[in-house]
């Protein structure tokens, strides 16, 4: 596959050049169009990137909040990353895991160590993990990943269990993606890092990852293999953010045209300091806080049906601000070094990057509830086959809330009963009652019934 069939760089640069400034009426018309929940064109997105007037920014932010509320309601999906290895064969100048970085202590967890990490996450209350590994594996090769997924699903104790494993690993061959599909994963996640070809070449100096085309076509191979929930993203700071989000739109449009469904999630990490990486300390194209908030809001307006993920790279304050702008999934209590949960902290010479949010899962949950959002540990869609096109058929018109809202409150109640601190439980149960009271009759009665089942001792209640 020719890369230019996915990302047409010159076309994007021309679009940006033709949309350097837009008047208020144009922006207002685009935001009105966004409220129809049918998404936006690349030209529309380019125009939104020109917004600088504070009052127009507020209009953009308000529109994004309205869209998110309509489609996803108050729920915020909670997950934890699980780093199983920091071995890597690539030289990515922004990453602590890069092959030539002598400042990092290399480690790959064995299956017993992976099980220990999972038991700790389960005891905290996690039900969903994102498996992450550097782009090189121990002698077992790709089979190491398959064994790890099996270990995660098999490691259970009473109510403690992981119900969904998503993965962020190196691009695979088609047949390997088919094996990954058979392992029972949820979402396959892969970031292009930067869509700008020259910037990509500059920061990826050797290793298989230096092949731009191999990486950008990986999502196609995953979907051809039957993995219909995929996640894409950009590491903002490596190239102009305006170019990056237009390229994201091109990638999304490509997937939608070819497979009839776009990405399940989009991640929006910013470049953060990493051990042994000068470029991470001084991003070539730094993204300030206001532009970062604009990125989240624009993506929510442009692809209203897609989940937007915010990691613990960002501070608690920034994470809170982006909840209202479109973020629908967050990590919590994260560690980015192999064995980090057992060790109880990020170990600087083993971690991939610096964290901005060091709070525990329960502290995050308490703050999320204080803000009026419902922490959701739901994995129902994945296990009922509501993935890919079936999920999008419900998400695009906003019907997924009929499942998300009841599942969020039931899984939140489960967390409160089994894992939370007493103060968190008090706040959470008050929020659950408020949210249920505000629901329409049918979801309200369903939610009441599901919460009653949880309080009676039943677990894993979803619709």
If you average the sequence gap of Cα pairs under 8 Å that are 6 or more apart and divide by the length of region 116-262, what percent do you get for the contact order?
21
If each of residue 36 and residue 182 carries a label point 7 Å out from its Cα toward its Cβ, how far apart are those two points in nm?
4.6
Extended-chain gain in nm, criterion 0.36 nm per residue less alpha-carbon gap, residue 417 and residue 24
136.5 nm
Which shape class applies to region 1-98: rounded if a/c is under 1.5, otherwise prolate when a/b exceeds b/c and oblate if not, where a ≥ b ≥ c are the square roots of the Cα gyration tensor eigenvalues?
oblate
Return, for the Cα atoms of region 69-122, the radius of gyration and Dmax in Å, separated by a comma.
16.7, 49
Residues 281, 310, sorted so that the one with the fewest Cβ neighbours within 10 Å comes first
281, 310
Give the peptides 13-24, 66-77 in descending order of average Cβ contacts within 10 Å, highest first.
66-77, 13-24
Quick check: pseudo-label points 7 Å beyond the Cα along Cα→Cβ at residue 202 and residue 253, how many nm apart are they?
2.6
Once normalised by the length of region 117-184, the mean sequence separation of its alpha carbon contacts under 8 Å that are 6 or more apart gives a contact order in percent of 45
Chain lengthening between residue 442 and residue 112 when straightened (0.36 nm per residue, less Cα-Cα):
114.2 nm
If the chain between residue 291 and residue 17 were fully stretched, how many nm would it gain, using 0.36 nm times the residue separation less the Cα-Cα distance?
96.8 nm
Of the labelled options (1) 75, 50, 39; (2) 68, 52, 41; (3) 60, 58, 37, which one gives Cα extents along the principal axes in Å as computed for this structure?
(3)
Return a whole-number percent for the relative contact order of the chain, with Cα pairs under 8 Å and 6 or more residues apart as the contact set.
21
What Kirkwood hydrodynamic radius, in Å, does region 173-264 give when the mean of 1/r is taken over all pairs of distinct Cα atoms and then inverted?
13.7
Going by average Cβ neighbours within 10 Å, how do the peptides 251-260, 147-156, 408-417, 318-327 rank, with the highest at the top?
408-417, 318-327, 147-156, 251-260
Estimated 222 nm signal from helices in the chain, with DSSP H stretches of n ≥ 4 weighted -39500 (n - 2.57), rounded to 500:
-14500 deg cm²/dmol
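Values in this text are rule-based calculations from the coordinates and carry no lab data. What you see is a predicted model, and the numbers here were worked out from it, not measured in a lab. Virtual Cβ from ideal backbone geometry, glycine too; neighbours counted across all protein chains shown.
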